[in-house]
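Structure first, commentary second.
What follows is calculated from the coordinates using simple rules that are stated; it is not laboratory data. If you're wondering where the values come from, they're calculated on a predicted model, not measured in any experiment.
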Amino acid sequence: MYSVKAKCTNGSHMESKSVTQGIPAPKEELIRNFDCIYYASEAMNCTWKTMNETEDLQLSYWYEDQPAPEPCKLYLFEQGVKMGCHLSGKFLNHSNLSNLSSAVHFDLSGTQGTSTLNNYFQRMPRDNVRPPPLQLDIFHENNSLYLKWKDPGLFNANCWDYLYRFKTSESRDWKMGNVSRTTNDTLVYDVQYQYVVQVKANFTNRCGFGATDWSLEKRYGQPKPPNWSPHVVVITIPVLFTIAVIICLIFIKK
């Protein structure tokens, strides 16, 4: 709490009335790093890190078509501590993107000492899309390596673009490629090298925001052993020449 008043300095001795202003106490936090992952139709996980041990921590949520708060039915635990909540229901169905364009509101409540605290958050499911990694298949025909995968199974296929990266046994550096709205591509294939490939899906800003993690590394082909013949020839010729010179010198001395 503090007070402020103005005073003239021109000799009139006039003063304004005091204005008293209170300083609000800093907001106390029950949790931090609140995050939600919409990973499948009708399924979303929200997680957090607790600031202090709060045994009676409770989460409730509501959304546009359900204005009355609903308690979390399935908590996620880590070493016996509530660290998240699994949400499910028709309101998270991916078939209607407009359903997922409205914010879901969250209220986390609990007691610390003699005080009851509340922390509020809101998240829009379509801006927190993170399906599981894709499954990548590889096969080759003639001089081409064919990459194929399935879309994440969420939303319209036009909502997804794809990024892939590959490297060969010749180089450790990744080379990048991308395709839009299709689930395959081809690489030029050299049978001398082994190929390592990964793919990920990006949920484009045409529909929202999010991405999968990189898929597991998929390897194709076997690196051929190096051809030592040219090296052997290069080494053998000088050796044979040296031996011949030594033999000639021995005969000359005799």
Give a residue-ordered list of calculated ³J(HN,Hα) values for region 149-155 (Karplus: 6.51 cos²θ - 1.76 cosθ + 1.60, θ = phi - 60°; whole Hz; x for Gly, Pro). 8, 9, 5, x, x, 10, 6
Got the relative contact order for region 68-207 handy, in percent, Cα pairs under 8 Å and 6 or more residues apart? 18 percent
Under 19 Å from the Cα of LYS150, which aspartates and glutamates turn up, not counting those fewer than eight places away in the same chain? ASP137, ASP161, ASP185, ASP213, GLU217
Give me Rg over Rh for region 27-127, both radii from the alpha carbons and Rh done the Kirkwood way, two decimal places. 0.98
May I ask you to evaluate 6.51 cos²θ - 1.76 cosθ + 1.60, the Karplus curve with θ = phi - 60°, for each residue of region 74-91 and list the ³J(HN,Hα) values in order in whole Hz, giving x for glycine and proline? 9, 7, 9, 10, 9, 6, x, 10, 5, 10, x, 9, 9, 10, 8, x, 4, 5
Within straight-line cross-link reach of LYS224, aspartates and glutamates at Cα separation under 14 Å, skipping those fewer than 8 residues along the same chain: GLU170, ASP190
